Amino acid sequence: MSSADFLIFAGIVSFAILSLAFFLTILRIILGPTLPDRVIALDMLVYIGIGYIAVVVIYTGYFLYLDIAIALGLVGFLATVAFARFILHRGRASEQIKQMESEPEPEAKKKRKRKL
Amino acid sequence: MIIAFFQYIGGLLMLAGSIFCLLAAVGLLRLPDIYTRMHAASKAGTMGTGLLLTAIAIVSFDGAIILRAIAGFVFLLLTAPVAAHLLARAAFLTGHKPTELTIINELDSEKTKK
């Protein structure tokens, strides 16, 4: 097997492995019990997307796609930071919400409504 | 000759990087709570993507491409821990509990009972 053939073979195998990783991450996004779980899975999805672009760069030889990978990394980082701020301000663990809803005290409910 | 050698190295790095990405995804699916999942995703994921970018740098014999690939890798290395830390902090402060298997939780007394 010559070196160029090996590079193409490695590209095809990498596509298959990355597709499997993509599938497992999407499974976590669907299953994820809480919002932070889904956000961290989305972050991972961005990393796998950058990996896909890197394999495409080597497989096709169009090195311009590398810029898109760097831009995608920037956007993914900003998206994760924005989601973290969102969780910090609005998100609440589902157990706590259930507790508050089951509590008969009107004060807790009022507090929650004010926040929402 | 030397080009063939670097192409073999690049192919091996590509395979290693995609396997790291797969391991990160498996960890994301199998680990019990948000903090351990973050541990898998942010470290193994960064490593896998970084290896794939390094493979580009090795396969291309062009200074500009090498510089951009390394810059992308460094950018990932700088931003991934920051994002993971922000997300872990947000999750902890909003009351997402660690799993029952956690042995030491030094912040447990005040912050989680908020």
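The values are calculated or read from the model by the stated rules, or taken from the named source; none is laboratory data. Bear in mind that the values here come from a model prediction, so they are computed numbers and not experimental data. Glycine gets a Cβ as well: all are built from the backbone with ideal geometry, and neighbour counts include every protein chain shown. Side chains included, ligands, DNA and RNA excluded: accessible areas come from the protein's heavy atoms. Shrake-Rupley method; radii C 1.70, N 1.55, O 1.52, S 1.80 Å.
Could you give the nm distance between label points at residue A:5 and residue B:89, where each point is 7 Å from its Cα heading toward the beta carbon?
The modelled label-to-label distance comes out at 5.4 nm.
Averaged per residue, what accessible area in Å² does chain B show with a 1.4 Å probe, protein chains only?
53
Return the distance in nm (one decimal) between the two label points of a simple spin-label model at residue B:71 and residue A:59, each offset 7 Å from Cα along Cα→Cβ.
Roughly 2.6 nm, to one decimal.
If r is the Cβ-Cβ distance from residue B:9 to residue A:23 and R0 is 30 Å, what FRET efficiency results, to the nearest 0.05?
0.55
I'd like the residues of segment A:5-32 whose 1.4 Å-probe accessible area shrinks by no less than 50 Å² going from the isolated chain to the full set of protein chains.
A:6, A:7, A:17, A:24, A:28
If ligands, DNA and RNA are left out, what is the accessible area of residue B:47 with a 1.4 Å probe, given in Å² to the nearest 10?
For residue B:47, the solvent-accessible surface is approximately 80 Å².
Nearest 100 Å² is fine: what is the total accessible surface buried where chains A and B meet, probe 1.4 Å?
Using a 1.4 Å probe, the pair buries roughly 4600 Å².
Once you list every other residue whose beta carbon is under 15 Å from the beta carbon of residue B:25, what net charge do they have if Lys and Arg are +1 and Asp and Glu are -1?
Details: positive: A:28, A:38, B:30, B:37, B:43; negative: A:37, A:43.
Local charge sum for residue B:25: +3.
Counting only protein heavy atoms and using a 1.4 Å probe, what share of the accessible area of segment B:18-114 belongs to carbon plus sulfur, as a whole percent?
Of the solvent-accessible surface of segment B:18-114, carbon and sulfur hold 69 percent.
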